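The values are calculated or read from the model by the stated rules, or taken from the named source; none is laboratory data. Worth saying up front: this structure is predicted, and the values here are computed from it rather than measured. Neighbour counts run over all protein chains shown; Cβ positions are idealised from the backbone, glycine included. Heads up: the accessible areas ignore ligands, DNA and RNA and are worked out on the full protein's heavy atoms, side chains in. Shrake-Rupley method; radii C 1.70, N 1.55, O 1.52, S 1.80 Å.
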Amino acid sequence: MVKRRLVLTGMAGLAITACTPSVWGQDAWGQDAWGQDAWGQDAWGQDGGTDSPGTDAARPSRERIDAMLSRAPDLGPVHTIIAAHNGTIVAERHYAGPSPDAPANIKSLSKTLLSALVGIAIDRGVIAGPDQPIVDLLGDRVPSDADPAIRRVTVDHLLSMRAGLERTSGSNYGRWVTSSDWVRFALSRPFVAEPGTALQYSTGTWHILSEILTRQSGRTTHELARDWLGEPLGVTIPPWPRDPRGIYFGGNDMLISPRGLLRFGEMYRNGGVVDGRQVVSRDWIETSWRPRAVSPFSNHAYGFGWFMTELGGHIVYYGRGYGGQLLHVVPDLDLTVVITSDPTPPSAGGQYVRALHRLVESGLIEA
């Protein structure tokens, strides 16, 4: 198998190798219930039968997966782990928190789903494309006293968190979410970098995208998520928190079940197709998985709502959220992995997230 390297677009020679991620300490938001491993099921929960893909010797060994699942509770507050190989669920265990079929708060992993909604909006002509200036989409929502550099910010810059605006996360998060107008607050931040350059991790940029989706479609972001993702995936996406003006929180606090999240990851692994239906275009997935920046926290590459790194010599595309919410897609191995954890503060920390990456690497990728 050819093992590729990630090279950051526009920065020749900079290879992105497996580096340790750090927890996003900003966007903060049971009882033990030991479950059973689900074998011989496809990613939709149906019986795959003995001839189903992933049931042959190419599937990671049961013994190795059992060892991985047994180790998981020692690492931190894990709630659920589900893994699918070639469309077949090869491991599922529930330790605590919401059941695998119940909606869970996926925190900043919401950014990965919101990126899909933007891609679908572009495919449907709701937004012209990633290079469209955001001032064309926001109209009078742009403050009159905003820095003139705001006119150079595009949809691409919001999706890759390269808008250049001072971030609304970290030490600024509290002031942002207690403001009366989250979008205007985010748009009125001073510029700390030229648009399209350095990544500034900021949930506010994603909330601007939620406003854009609502304004351009005439529908709430929740309605779009329910109809554009939930319906084709067969997944319930209930309402999640909104800002004081009624705009659904962009980039945080979305609710989806771990199994639903697995179906979303499988859709991306399969080029955006669900049951023969093209839900997200293959072009958008390839665009989203193209490195555009490097996280200053983890040194992992970042595209449109997806981080990228290497684990076990394979390129891994992943979304992550506060407290240990993770979605891994490993196309080379036909592997999709979902991990949910306790989302309530305080976070288990970066060491816990690094341990979860290693768990996936040793228990599934290297197997």
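Taken one residue at a time, the phi angles of region 250-255 give Karplus couplings (6.51, -1.76, 1.60, θ = phi - 60°) of x, x, 7, 6, 5, 10 Hz. Gly and Pro are set to x. With a 1.4 Å probe rolled over the protein heavy atoms of all chains, the accessible area of ARG282, ARG277, ARG93 falls in the order ARG282, ARG277, ARG93, largest first. Listed values for region 336-343 are Karplus-derived 3J(HN,Hα) couplings in whole Hz (6.51 cos²θ - 1.76 cosθ + 1.60, θ = phi - 60°), namely 10, 9, 10, 10, 10, 9, 4, x, and x replaces Gly and Pro.
Remark: region 147-258 carries 34 Å² of accessible area per residue (probe radius 1.4 Å; ligands, DNA and RNA excluded). Summary of the geometry: region 305-353 and region 227-252, compared by the centres of their Cα atoms, lie 21 Å apart. Remark on LEU311: its backbone amide H falls under 5 Å from those of VAL316, a criterion applied only to residues 5 or more positions apart or on other chains, H modelled at 1.01 Å from N. The overall shape of region 245-367 is rounded: from the C-alpha gyration tensor, with semi-axes ordered a ≥ b ≥ c, the ratio a/c is less than 1.5. For region 260-367, GluC sites (Glu not before Pro) are listed when DSSP marks them as loop and at most 16 other Cβ atoms sit within 10 Å of their Cβ; the list is GLU366. Working note: Karplus 6.51/-1.76/1.60 with θ = phi - 60° gives region 200-214 the couplings 10, 5, 8, 5, x, 5, 6, 5, 4, 5, 4, 4, 4, 4, 5 Hz, where Gly and Pro are set to x. Between ARG245 and TRP182, the built amide H atoms are under 5 Å apart, and every one of these is 5 or more places off in sequence or on another chain.
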